[in-house]
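To start, the structure under review is shown below, and the notes come after it.
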Amino acid sequence: MQNTPQSQPIVILISGGGSNMAAIVRAAQKEAWATQFGAQVAAVISNKADAGGLRFAREQGIATEVLDHKAYASRTDFDQALAAAVARFDQPDRPALVVLAGFMRILTPGFVAQHTGRLLNIHPSLLPAFTGLHTHQRAIDAGCKYAGATVHQVSAELDAGAILEQSVVPVLPGDTEQTLAARVLATEHTIYPRAIRNWLAAQARV
Ligand code: GRF
């Protein structure tokens with residue numbers, strides 16, 4: 001895939017299965033983001049070499065990179081290398097939109113500051129409830145009747161940036177962490193592409 005000089009690159013960061021990444025790639029194809037917004041998924045970067053999503057990305061002809069966080073002495077060193085890897089896909093007048101899709105690393109304030117306004121994340125809870133890990137079990141334990149997912153801008157504080165999209169699903173009697181996670185994940189595949197599409201449309205209007 002070749003970027004045109006004016007194109008808006010999208011770089012997706014993953015750590016695992018990459019189903020959100022795949023949903024975004026499919027939406028970009030189906031909705032012709034290249035024609036509509038001059039945007040394309042330029043690269044998928046993983047901090048894990050065995051992340052399942054890498055295979056899908058390669059099959060789609062998308063550039064992939066692995067940056068193993070364990071190979072870096074500190075979080076700052078890793079984030080600097082990550083920023084450099086992302087920047088390789090910047091266009092001269094269009095820095096990449098960075099999409100965290102199941103990327104299981106907390107980013108340093110330096111990385112976040114460098115990408116302010118163009119750094120998105122999806123979190124599997126109805127923020128501001130249940131920041132952090134084990135969101136589905138915590139929602140079940142709290143007796144929540146509804147759960148969901150949130151797409152948000154990333155700010156220096158964990159899971160606290162401006163909310164862009166949310167999905168809501170019922171918590172059903174007998175739900176386990178796994179059944180609730182699966183119900184929420186299916187909705188993530190709708191709201192994440194939608195949030196990105198809206199972000200691209202807003203950029204196009206500037
Ligand atoms: C998603 O539930 C996402 O919200 C969370 O991790 C999961 C990643 O799934 N942060 P996938 O790798 O996109 O399939």
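For this structure, a couple of remarks:
- Among the candidates S167, S125, the residue that is open to solvent by less than 50 Å² (accessible area, probe 1.4 Å) and either away from the ligand (no atom under 16 Å from the Cβ) or in a loop (DSSP other than H, G, I, E, B) (or both) is uniquely S125.
- Qualifying positions in the range 142-157 - closer than 11 Å to V112 by Cα and loosely packed, with under 15 Cβ neighbours inside 10 Å: A156, E157
- Subset of the range 189-206 that is in contact with a strand residue (DSSP E or B) (Cβ under 8 Å, 6 or more places away or on another chain), open to solvent by 60 Å² or more (accessible area, probe 1.4 Å) and not β-branched (V, I, T) - its residue that is farthest from the ligand (Cβ to nearest atom): Q203
- Looking across the range 90-116, the residues that are open to solvent by 40 Å² or more (accessible area, probe 1.4 Å) and more than 15 Å from Q153 (Cα to Cα) come down to D90, P92, D93, R94, P95, M104, R105, G110.
- Scanning the range 57-88 for residues that are assigned to a helix (DSSP H, G or I), open to solvent by 50 Å² or more (accessible area, probe 1.4 Å) and of a type in the set (V, I, T) yields a total of 1.
- Subset tally (residues that are in a loop (DSSP other than H, G, I, E, B) and β-branched (V, I, T)) for the range 170-206: 3
- Of all the listed residues (A139, A186, A182), the sole one being open to solvent by less than 40 Å² (accessible area, probe 1.4 Å), within 15 Å of the ligand (Cβ to nearest atom) and not charged (D, E, K, R) is A139.
- Boolean, A32 is within 16 Å of the ligand (Cβ to nearest atom) and either surrounded by 19 or more Cβ atoms within 10 Å (Cβ to Cβ) or closer than 23 Å to W199 by Cα (or both): no
- The lone criterion from (1) touching a Pro at 6+ places or on another chain (Cβ under 7 Å); (2) within 16 Å of the ligand (Cβ to nearest atom) left unmet by D90 is number (2).
The values are calculated or read from the model by the stated rules, or taken from the named source; none is laboratory data. Here the structure is a predicted model, which is why all the values come from computation and not from measurement. Neighbour counts are summed over all protein chains in view; Cβ atoms, including those assigned to glycine, are modelled from backbone coordinates with ideal geometry. Each accessible area value is taken on the protein alone, full model and side chains, heavy atoms only, with ligands, DNA and RNA left out. Shrake-Rupley method; radii C 1.70, N 1.55, O 1.52, S 1.80 Å.
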